[in-house]
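Colleague: So that we are looking at the same thing, I have put the structure below in structure tokens.
The values are calculated or read from the model by the stated rules, or taken from the named source; none is laboratory data. Predicted model, so just to flag it, every value in this text is computed and none were measured. Please note: Cβ atoms are built from the backbone with ideal geometry, for glycine as well, and neighbour counts cover all protein chains shown.
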Amino acid sequence: MKQADILIVNARVLTLDDKNPRCDCVAIAGNEILFAGAAADAQAFRHKGTRIIDAQGASVLPGFIEAHLHIFSGAAELEMLHLTGVSGFARLSELARDYARSKPEIPLLIAQGADYTILSKDEPVTRHHLDRIVPDRPFMMFSPDHHTAWANTVALERAGVLRGRAVPVGNEIVMGSDGLATGELREGAAIDPVRALGGECRERLGLETGGEPAVTPSPAERAHDLATMRRGLAHCAKHGITSFHNMDGNFYQLDLLAEIDRAEGLPVRGRVPFHMKNFMKLADLEKASEMHRRYRSERLRSGFVKMFMDGVIDSGTAVMAGAYGGPPRKNGDPLFTTEQFNEIAIDVDRRGLQIAVHAIGDGAVNSVLNGYAAAAKANGKRDSRHRIEHIEVVLASDIPRFAELGVVASMQPPHPPGTMGLPLEPTLGLIGEARFPLAYAWQTLREAGARLAFASDWPVSDINVMRGIHAAVTRKPWKTGLPEQKQSLGDALAGYTRDGAYTEFMEDRKGRIAPGLLADIVVLSDDIEKVALETIDQMTPAVTICDGRITYEA
């Protein structure tokens, strides 16, 4: 009989396995679950070298699967100025000046998490505001969604965009009546010239270009990047995460993760895509196939293609099927034409790869579903599990198509306005009341048969899974009479475990606690079924186990 390396006792185990939903003990041997059942029966697996973890009556769950994040850029941002929840010019000024004084050596000061309404509901940020705070050094701050940034005059001038510059469709350097940039930059091509003042951001290449570093990083630069990546992985493990689906990618990120895996074993399993940009050629998809051929272990895998169809609601770059709410404004531009996207979807699907597309507006979601339908028609229907990321607004006629096409709804409980400290405006006003029933429509999609996978989109939102679960189970309608979109505790937990595993074709290896599955487990600080729903966000992981190794211990 095999003996246990780790024995978790005195636990309230929620296995997410329908055959054995609950037990009180889990035994682990090597990197697999050996036993999940009654404590009395588990003693047979115990020997003198077994590590005993006393859960003290707390919940034990499958390790969390974070189905949408950006590991490299999230790790890099851990050391930047964070403005989440900051309001008013005085407080913004105080924090930014303190940060500038603490970082005299860096060429570009960057802050993250500035609400669109950080000054007030009615006063948009301009370069003049930022000039009053940091007049003599390049300074840029990002919105929480990372799709809009604001820069001061010296940053705009040194980047060569103060007087404007041609940018691709879907991007904008907002210009003022004086013929100069206001300081607001929408989407990557408008933001990148300013960001470049800080040097090559290797952590952003997988998102911005989908390509590799222009110059091979020096040993010191590579060591810096490895340290950054390790910091991000440790941050994931601290929050009970044992797997992540990265939503940007290149060979460089895969290579860094592979080096860490060879050196000490990854503390979190990773899945990294090829990022297909709208300026690429169809032949570039051969790189996606090569990434899939090279990286397909249980700890580090590729096998999918990420794309962006639109931007975000707050900057007006999301593609809506009709007009935005509020005063008339320009609709967002799709980043791929219908013909271009359909051609790519057909080719990716033909290669046997999965597709994941950022689509926030209902017009963008409709276009992506049409592309997936075109792929199924061209190649024959298969178990493709193509995904749509975010789906912040959806057409009523598109709701049943998720189940019909087998498309996974990859959604983020921290994202609805009013959740986790997010302001209601300007998002709700831009969505418009007529769309409220179909905005962030988790339960509506679920009841129509769609499979949902949950995540944070870190660093866009806090990676803390307990806060994400709390957001899912406590969400309140914005007005009386709207459909209830909050999730049951069971569905929320499945969205962060079992359904995430399904989304990456790994449901036979993880996402549940059952003998023979990979030993990816999180022990919580309390019993999640006994605490009040309103206090779930106060719970924390006590122990994280990935691949049979303890990767975090409080």
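Colleague: Of all the helices (runs of 4 or more DSSP H) wholly in region 192-268, which have at least 1 residues that are at pLDDT 95 or above, out of contact with any helix residue (DSSP H, G or I) (no Cβ under 8 Å at 6 or more places or on another chain) and over 26 Å from A288 (Cα atoms)?
Modeller: 219-238, 251-264
Colleague: Only one of E343, E389 is buried (at least 24 other Cβ atoms within 10 Å of the Cβ) and touching a residue at least 40 places away in the same chain (Cβ under 8 Å). Can you tell me which?
Modeller: E389
Colleague: Of the numbered conditions (1) of a type outside the set (G, A, S); (2) farther than 30 Å from G332 by Cα; (3) in contact with a Lys or Arg (Cβ under 6 Å, 6 or more places away or on another chain), H235 satisfies every one except a single condition; which is it?
Modeller: Failed condition: (3).
Colleague: Could I ask something else about it? Do we find that A258 is among the small types (G, A, S), surrounded by fewer than 22 Cβ atoms within 10 Å (Cβ to Cβ), out of contact with any Pro (no Cβ under 6 Å at 6 or more places or on another chain) and under 25 Å from L353 (Cα atoms) in this structure?
Modeller: Yes, satisfied.
Colleague: Here's something else I'd like to know. Which is closer than 20 Å to M411 by Cα, crowded, with 22+ Cβ neighbours inside 10 Å and free of Cβ contacts under 8 Å to residues at least 60 places away in the same chain, of G500, G511, G490, G468?
Modeller: Just one listed residue meets the conditions, G468.
Colleague: Can we say D520 is surrounded by fewer than 23 Cβ atoms within 10 Å (Cβ to Cβ), acidic (D, E) and under 27 Å from N20 (Cα atoms)?
Modeller: In short, no.
Colleague: Further question: Consider region 29-56. How many of its residues are of a type outside the set (S, T, N, Q) and closer than 26 Å to L489 by Cα?
Modeller: Total satisfying the criteria: 9.
Colleague: Let me ask something else about it. What residue, among those in region 75-105 that are touching a strand residue (DSSP E or B) at 6+ places or on another chain (Cβ under 7 Å) and of a type in the set (A, V, I, L, M, F, W, C), is nearest to L207 (Cα to Cα)?
Modeller: M80
Colleague: Please state which of the following conditions I513 fails to meet, knowing it meets all the rest: (1) in contact with a Ser or Thr (Cβ under 7 Å, 6 or more places away or on another chain); (2) under 30 Å from D115 (Cβ atoms).
Modeller: Result: I513 passes all but (2).
Colleague: Checking E123 against (1) within 30 Å of L524 (Cβ to Cβ); (2) surrounded by fewer than 17 Cβ atoms within 10 Å (Cβ to Cβ); (3) acidic (D, E), which single condition isn't satisfied?
Modeller: (1)
Colleague: Sticking with this one: What pairs come up if the first residue lies in region 126-151 and is at pLDDT below 95, the second is among the β-branched types (V, I, T) and buried (at least 21 other Cβ atoms within 10 Å of the Cβ), and their beta carbons are under 7 Å apart, counting only those six or more places apart or on different chains?
Modeller: P144/V460; D145/V312; D145/V460; H146/V460; H147/V312; H147/T317
Colleague: While we're here: Going through F251, F308, F274 one at a time, which residue ends up being crowded, with 24+ Cβ neighbours inside 10 Å and over 14 Å from V348 (Cβ atoms)?
Modeller: None of the other options fit; the residue is F308.
Colleague: Out of G325, G316, report the one residue that is on the phi > 0 side of the Ramachandran plot and surrounded by fewer than 24 Cβ atoms within 10 Å (Cβ to Cβ).
Modeller: Of G325, G316, the one residue that is on the phi > 0 side of the Ramachandran plot and surrounded by fewer than 24 Cβ atoms within 10 Å (Cβ to Cβ) is G316.
Colleague: As an exercise: evaluate S461 against (1) of a type in the set (S, T, N, Q); (2) under 20 Å from the mean Cα position of the chain (by Cα); (3) surrounded by fewer than 19 Cβ atoms within 10 Å (Cβ to Cβ) and give the number of the one condition it does not meet.
Modeller: Answer for S461: the failing condition is (3).
Colleague: Inside region 324-340, can you point out the residues that are part of a helix (DSSP H, G or I) and more than 19 Å from V394 (Cα to Cα)?
Modeller: Matches in region 324-340: E339, Q340.
Colleague: Just give me the residues in region 445-455 being over 16 Å from the mean Cα position of the chain (by Cα) and either surrounded by 19 or more Cβ atoms within 10 Å (Cβ to Cβ) or of a type in the set (K, R) (or both), in sequence order.
Modeller: L445, R446, A450, R451
Colleague: Which of (1) over 20 Å from the mean Cα position of the chain (by Cα); (2) of a type in the set (S, T, N, Q); (3) crowded, with 19+ Cβ neighbours inside 10 Å is the odd one out, the single condition T148 does not satisfy?
Modeller: (1)
Colleague: Right, next: If you scan region 400-421, which residues turn out to be surrounded by fewer than 19 Cβ atoms within 10 Å (Cβ to Cβ) and under 29 Å from P328 (Cα atoms)?
Modeller: The answer is G418, G421.
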